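To start, the structure under review is shown below, and the notes come after it.
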Amino acid sequence: MKNFDHRDRQKESDDTRNSSRRKNMKRLGGCGLSLQTFANLKSKNSHYNPAFIKKQKEFYKNANYVSNFRKSLKQQKFHEKDETGESSSKVVDGDDDKHKVKSHKRICVEEVYKQTREEMEKAKKEREAAFQAKKEAKEEAESRRKAAKGKMMRKTRLGQPVMKYRIEQLLESIKKSAENDRSRTS
């Protein structure tokens, strides 16, 4: 009895192995992957690439800008047609029976462009001037720090620090703090 039971279990395990093997064969499309298919799968670039994502975002953003620009151009053309064609209306004067024409003043696109361009240039010059002033102040402070550091690092023949420069630095800092105190109380 035991032998029959053991044989049945072995048959079942063989059946499950064979069925899983058959399923894998079906899934893989025959007898496993060919070398060519394996190489193609490995060479596909399916990993996360932030540079590519950034480039794609920029492309879509630019496409959005272009579509918005085209819409605005269409609207401008529509308004220009209204202004040139039907915007001039005739008003009948009862006394003289003369026709007076009202002309609507149109803001020229070139003038608007020039104004915005000039504003942008002024803002750019102001930014550059502020940046230049900051840069000069930074360089000046750095040169002062280097000079002070050089003085503070000086040593005597015996290797002792030169106290003259250290005392001068302390005196200057005391004077500055005294000036700050006076300005706060005033």
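Since every read-out is calculated from the coordinates, none of them should be taken as a lab result. Everything numeric here is computed off the predicted structure, so don't read it as measured data. So basically every Cβ, Gly included, is an ideal-geometry build from the backbone, and we count neighbours across all protein chains shown.
The table below gives the values:
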read-out	value
Burial ordering of His79, His47, fewest other beta-carbon atoms within 10 Å first	His47, His79
Cβ-based exposure ranking for Val109, Val162, in which fewest neighbours within 10 Å come first	Val109, Val162
Per-residue ³J(HN,Hα) for the stretch 117-123, Karplus 6.51 cos²θ - 1.76 cosθ + 1.60, θ = phi - 60°, Hz, x for Gly and Pro	4, 5, 4, 5, 5, 4, 4
